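Okay, structure first, notes after.
Taken together, the values in this text are just the output of simple stated rules run on the coordinates, not laboratory data. Just so it is clear, the model here is predicted, and its values are computed rather than measured. In this analysis, Cβ positions are derived from the backbone assuming ideal geometry, glycine residues included, and neighbour counts consider all displayed protein chains.
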Amino acid sequence: MELRKRTSGTVLTMCLAAGLLLSGGTAGMQEAAAFERVNGEKILVVAGRQPVDTLDPSIKYNASIRMMQQALYDGLVKYQGSPAEIVPWLAESWDKSEDGKVWTFSLVKNATFHNGDPVTAAAVKFSFERTLGLKKGPSWMLADFLKPEGIEVVDDHTLRFTLEKPYAAFLSFLPWWYVMNPAQIAANEVDGDQGQKWLTTNAAGSGPYKLKRFEQGRLYEVERVKDYWKGASGSESIGGIVYKLVRETSAQRAALLRGEADIVLNLSPDEFEQVKKAKGVKTSTDPALTSFGLKFNTQGKYMSDKNLRKAVAYAFDYDSLIALFNNNAVLQTSPFTDAVKGKISVADIPRQDLEKAKQYLAKSNWPDGGIELEYVFVQGFEATRQIGLVLMDTLKGLNIKVKLVPLTWPNIVARGSKPETAADITAIFTTPVSVDPDAVAYQYHPKSWGQYYGTHFYDNPKVKGLIEKARYMTDWQQRAPIYADIQKMIVEDQPEIFGMMRNRMVAYRDYVTGFQYSPVRMTTEIDFYGLGIGE
């Protein structure tokens, strides 16, 4: 295989000299084309920091996993554009019954899996049953409403779902339910594992790319499907995409500027500001659905006291959130983020007011402070450490100490699984997987306790009842006022500090074409479909 760069060095050699990378800057930087050439074809290079733990659509998803899954697999429908809209994909059309319980999908007839097998209604049924049965990954999205016996193959290209109850958000979750080739999975099943081991590092999809290399902890390469059933949509100029891991943001910045990456994800705010000024670089700072909040353990020793929660919320310096991200963020005005349907601005959402904070503290069980609160954040995520320092500084005015505890993400999830072990305050970024308000409201339902977004263990029976009422209704005009009430009630109970919505900070070379933005994607997630290299 021929592998060479248009500039010196090879981006696929991961042992990049640290000194060379860290010395990179904007001054005196020569223009360079970062993309690779493999056997005469251009290969786009994306540098990110998050590994791809698995490719199995039924098991797990996060920004990097979902980015790869979208390249390798197709769903019945897909999110595109801003505002995010659901467009037909494997399903060319659909209809639902008047009561909202029965959904019938008509599939396209030209879709094929990468091995040439046709995508049929039976394959869709198999894929949904597998995900529901394994009870991992996206299964939670539909498990309360869809059972295996409710999935019916009408004919090769027609599928019917009969829900246990009407669910207004049903269609909004389907983009993340990818369709797998049952024949390939059966051929690679080991000891009844339904192909789980094989699908960790292999794929059985019909998407615009097929897997070429999976080198865990180093790089992941996909090859463009030349005869993709949906068409190339602008990707004709490339032969594939390499997603490589570059752990340090300074190295990412240097890789972009030195011609060793075409797109970089998740730069630090300061490094992002540097590359914005560089010649030949474009940036995406569009807002995302992602929110950042400080979750209070409302069933813990201290934060079970609503007045203490209010005191902390009013003491916090919200402007520091914007400053830390160099204005690439906006403050939340509701528990719902801006792109979520039915979001309102709650008039009395807290902003820094130390006098009001002291008034609430005086009504708490600790009127003179004298306590220490534990603040847990992701180890190595500098912005969340700095936010902890801000919290520490602002709470001095209430005579409250803050203990900063950095943990790995798995340990944060483990500690947050029950109120007995959850920290007093946990720093959490949350990205809803749907623009339907149920996707956010349900984070404040008891069934979300123990999930990373439910580490507040919030319990308000009235809010719970309203969430359950609204999710079963199909008329938006009836749902909308209920969600407005839910937002107001959650703010009043203060289960967290409602912080900010961070803009995505993606930087890419100006010859990259087809870069599309949709707020439903995570801040470090991009859609490979349609990406290309221009002149």
query: Cα to Cα, under 17 Å, and not fewer than 8 places away if on the same chain: which lysines meet these conditions relative to residue 358?
result: 306, 310, 396, 401
task: Can you tell me the FRET efficiency between residue 215 and residue 53 if r is taken as the Cβ-Cβ distance and R0 is 22 Å, rounded to the nearest 0.05?
output: 0.95
message: If amide hydrogens are placed 1.01 Å from N in the peptide plane, which non-local residues have theirs closer than 5 Å to the one on residue 374?
response: 403, 424, 425
statement: Between residue 117 and residue 98, the two model label points (7 Å from Cα along the beta-carbon direction) sit apart by a distance in nm of 4.0 nm
query: PRE reach from residue 299 (point 7 Å along Cα→Cβ): which of the stretch 401-432 fall under 17 Å by backbone N?
result: 413-426
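How compact is the stretch 394-535 by the rule of thumb for globular proteins, expressed as Cα Rg over 2.2 N^0.38 Å?
1.33
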field: the chain - mean residue ellipticity at 222 nm from DSSP helices (-39,500 (n - 2.57) per run, n ≥ 4, rounded to 500)
entry: -7500 deg cm²/dmol
Compactness relative to 2.2 N^0.38 Å, alpha carbon Rg of the stretch 209-309: 1.61
field: GluC sites (Glu not before Pro) restricted to the stretch 241-297 and DSSP loop, no more than 16 other C-beta within 10 Å
entry: 248
message: Under 16 Å between alpha carbons, and skipping anything fewer than 8 positions from residue 96 in its own chain: which lysines qualify?
response: 165
field: Chain lengthening between residue 447 and residue 187 when straightened (0.36 nm per residue, less Cα-Cα)
entry: 89.9 nm
Residues of type aspartates and glutamates that residue 230 reaches as a straight line, Cα spacing below 14 Å, ignoring anything fewer than 8 places off in the same chain: 74, 92
message: No solvent, one uniform scatterer per C-alpha: report log10 I(q)/I(0) for the stretch 95-188 via the Debye equation at q = 0.12 1/Å, two decimals.
response: -0.37
task: For the stretch 265-403, count all C-alpha to C-alpha pairs, find those more than 23 Å apart, and express that count as a whole percent of the total.
output: 43 percent
Förster radius 30 Å - calculated FRET efficiency between residue 273 and residue 317 (Cβ-Cβ, nearest 0.05): 0.90
query: Which is farthest toward the positive dipole end of the stretch 403-513 among 460, 404, 477, measuring Cα position about the Cα centre, with Cβ charges +1 (Lys, Arg) and -1 (Asp, Glu)?
result: 404
task: Quick one: work out Rg over Rh on the C-alpha atoms of the stretch 37-109, Rh as Kirkwood radius.
output: 1.10
message: What is the distance in Å between the Cα centroid of the stretch 173-188 and that of the stretch 263-316?
response: 35 Å
message: If I model the stretch 150-278 as equal point scatterers sitting on the Cα atoms and use the Debye formula, what is log10 I(q)/I(0) at q = 0.11, 0.14, 0.15, 0.20 Å⁻¹?
response: -0.67, -0.95, -1.02, -1.23
query: Hey, what did the chain get for relative contact order, percent, Cα under 8 Å, at least 6 apart?
result: 20 percent
- request: Distance from a point 7 Å along Cα→Cβ of residue 331 to each backbone N in the stretch 347-380: keep the residues under 13 Å and list them by number.
  value: 347-354
message: If I model a spin label at residue 282 and residue 110 as a point 7 Å from the Cα along the Cα→Cβ vector, what separation in nanometres do I get?
response: 2.8 nm
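Looking at the stretch 116-186, which GluC sites (Glu not before Pro) are in a loop (DSSP not H, G, I, E or B) and have at most 15 other Cβ atoms within 10 Å?
Passing both the DSSP loop test and the Cβ count: 164.
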query: Assuming R0 = 35 Å, what is the FRET efficiency of residue 136 and residue 392, from their Cβ-Cβ distance, to the nearest 0.05?
result: 0.40
Amide proton proximity set for residue 158, modelled H, under 5 Å, gap of 5+: 107, 121
message: Let me understand the chain better: what is its radius of gyration from the alpha carbons, and its Dmax, in angstrom?
response: 24.0, 72
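Per residue and in Å³, how big is the convex hull formed by the alpha-carbon atoms of the stretch 312-367?
96 Å³
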field: Cβ-placed point charges (K, R +1; D, E -1), dipole of the chain about Cα centre in debye, nearest 20
entry: 780 debye
message: Beyond 25 Å, how much of the Cα-Cα pair distribution for the stretch 34-169 remains, as a whole percent?
response: 36 percent
